[in-house]
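One structure is given below, encoded as structure tokens.
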Amino acid sequence: MTEETLQIGESGADIEMHVMKNKVGIYFVSFYRFIINSDKMRVPSSDELRPAYPYKTKEAIYEAFGDMMCGKTISI
């Protein structure tokens, strides 16, 4: 599987979009939320469920999440 991570939102976004592509060409999209801990470090939120949503094409991902991606493109 190949993987790519995109920041969602503008600078300092607290959400990352992870896109994985398996050997048969199916894309899986999941989101990770980050928080600032007591040490002022950006860390993944451990209480968040991260389901992976399947898509057959990049275009389907752009159609579903394009507004949140702020013009970013998937390269895998």
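A few points about this structure:
- Pick from the stretch 26-65, criterion among the hydrophobic types (A, V, I, L, M, F, W, C) and over 19 Å from I8 (Cβ atoms), ranking: modelled with the lowest pLDDT: M41
- Taken over the stretch 28-76, residues that are touching a residue at least 24 places away in the same chain (Cβ under 8 Å), in a strand (DSSP E or B) and aliphatic (A, V, I, L, M) amount to 1.
- Tally of residues being at pLDDT below 80, under 9 Å from the mean Cα position of the chain (by Cα) and hydroxyl-bearing (S, T, Y) across the stretch 1-25: 0
- If the condition is being surrounded by 10 or more Cβ atoms within 10 Å (Cβ to Cβ) and of a type in the set (A, V, I, L, M), then the stretch 18-47 contributes V19, M20, I26, V29, I35, I36, V43.
The values are calculated or read from the model by the stated rules, or taken from the named source; none is laboratory data. Here the structure is a predicted model, which means the values were calculated and not measured. With ideal geometry, Cβ positions are generated from the backbone for all residues, glycine too; neighbour counts draw on all protein chains shown.
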